[in-house]
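See below for the structure under consideration.
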Amino acid sequence: MKVSGVCFLITGGAGFIGKNLSCTLANLGYKVRVLDNMSSQVHEASSEPAWIKKNKIEFCKGSVTNKQDLIRALDGITHIIHLAAETGTGQSMYEIEHYFDVNVQGTAILLDLLQNHQCARNIKSIVVASSRAIYGEGSYHCNDHGLVYPSYRTKESMEQGKFEPCCPLCSSTVITLKTDEKAPLNPSSIYGLTKQMQEQSVLMVAKTLRLSAFALRYQNVYGPGQSLKNPYTGILAVFSNLARQNQSIEVYEDGLETRDFVYIDDAVSVTIKSSLFEGNFIGSVNVGGGESTSVLEVAKKISKFFGGQSQIKLSGAFRVGDIRHNLANIDLANKLLGYSPSVKFDEGLDRFLQWAVSEPPTSLDGLVKSSDELRSRGLLGYASNEMGKS
């Protein structure tokens, strides 16, 4: 059953989140159009994916950096979900111009059309994919100074094995807190900076045009279907590729860095609710899983799933621009959208691994190349005291 009068444009709609979002909306009866450039770093082929036709989704191959592609894609659209972006903290630190071109300039072209072009006359709402990376290290508690927001970690301190953030006022040990939307924005990577510029630009223009607008600050979105070939797609893909081939798993820093993982179904659900929100809202909302999990714990779980043959190495390696911990406060998403994570990490990880093991083995060349790229530019370092093995 078609839902009349509502037509979605999903930029970057052939990516991991975009595919799941597009198929869900199409199955709900909405008209969906996908704009995607089918980047070879993410996609196996450059042609229209088979699932597009199967789900009766309209496909526009093109880029957000091309104004004519966007004009063509925006015709007749009422709701925009802007996912198109280059992702990856490490890569952003040396492909700086490219990240600004896609993430910032691509968004600027889109917003310029919303303001000035007839193709965007029917737009009612826009949702932009932001990121927790815009917070930098986020919120912590100092025994002497209460709520504090540590600065980004320096290469020099991490070379000394000092991975934990410290109080910016007294340099003492701090305790991780849930970061809410009121925390100051202090990105520690080019990727994080471009996402900050994306969301602030979208929200500013939305106010001018009186559009409903959400900037969704996704945490680490994961699940079946995410790219296994892209070395910047996340640790679950990287670790599973290594473990299934009985290769050792190198865990950066001391393994105690933590992440907030949000399952793909939950990310899709809150994104749809944001896009169809009927109240008056223009602002930013965290989308997290509500749990904090250490990277070492993730590596152990994945190794165990594949038989435990992979040795886990704590090498003391670190990437410039990475954050230490993240855990989102998702109270606002719950209050506004009734959002509550439905899939706990252990369950979601099992679903991901059951899917990954059914996929063809993935070459490790991309992972090696990405590490070499970072190392050659001084963006991958090692603590002087090697951490050893788990």
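The values are calculated or read from the model by the stated rules, or taken from the named source; none is laboratory data. Predicted model only: the values in this text are computed from it and were never measured. Note: ideal-geometry Cβ built from the backbone for every residue, glycine included; neighbour counts use all protein chains shown. Note: areas computed on protein heavy atoms with side chains; ligands, DNA, RNA excluded. Shrake-Rupley method; radii C 1.70, N 1.55, O 1.52, S 1.80 Å.
A few comments on the model shown:
- Burial order of peptide ranges 6-14, 263-271, 221-229, 244-252 (average beta-carbon count within 10 Å, highest first): 6-14, 263-271, 221-229, 244-252
- A cut-off under 14 angstrom between Cβ atoms defines the neighbours of GLY12, and their net charge, with Lys, Arg +1 and Asp, Glu -1, is +1.
- Looking at the chain, the accessible area is 44 square angstrom per residue; that uses a 1.4 Å probe and ignores ligands, DNA and RNA.
- Dipole-positive endmost among GLN309, SER384, GLY161 within the chain (Cβ charges, Cα centre): GLN309
- The aspartates and glutamates within cross-link reach of LYS61, meaning a Cα-to-Cα straight distance under 13 Å and a gap of 8 or more places when in the same chain, are ASP36, GLU48, ASP69.
- Segments 21-27, 279-285, 174-180, 354-360 sorted - mean Cβ within 10 Å per residue, highest first: 21-27, 174-180, 279-285, 354-360
- Normalised by 2.2 N^0.38 Å, where N counts its residues, the alpha-carbon radius of gyration of region 101-218 equals 1.33.
- Of all DSSP bridge pairs formed entirely within region 126-240, close to 55 percent run antiparallel.
- Along region 95-108 the Karplus relation, 6.51 cos²θ - 1.76 cosθ + 1.60 evaluated at θ = phi - 60°, assigns HN-Hα couplings of 9, 5, 4, 5, 5, 5, 4, 6, 6, 8, 5, x, 5, 4 Hz to successive residues, with x for each Gly and Pro.
- Accessible area of the chain belonging to carbon and sulfur atoms, whole % at 1.4 Å probe: 48 percent
- Once both labels are positioned 7 Å from their Cα atoms along Cα-to-Cβ, the gap between LEU147 and THR78 label points is 3.9 nm.
- Rg over Rh for region 271-385 works out to 1.05, both radii taken from alpha-carbon positions and Rh defined as the Kirkwood radius.
- Cα-based Lys proximity count in region 65-207, under 27 Å, for pairs eight or more positions apart or on separate chains: 13
- Of all aspartates and glutamates in the structure, the ones whose alpha carbon falls short of 12 Å from that of LYS313, not counting any fewer than 8 places away in one chain, are GLU250, GLU253, ASP254, GLU386.
- Å³ per residue enclosed by the Cα convex hull of the chain: 135 Å³
- Cα-derived Rg over Rh, computed across region 223-269 with Rh taken as Kirkwood radius: 1.00
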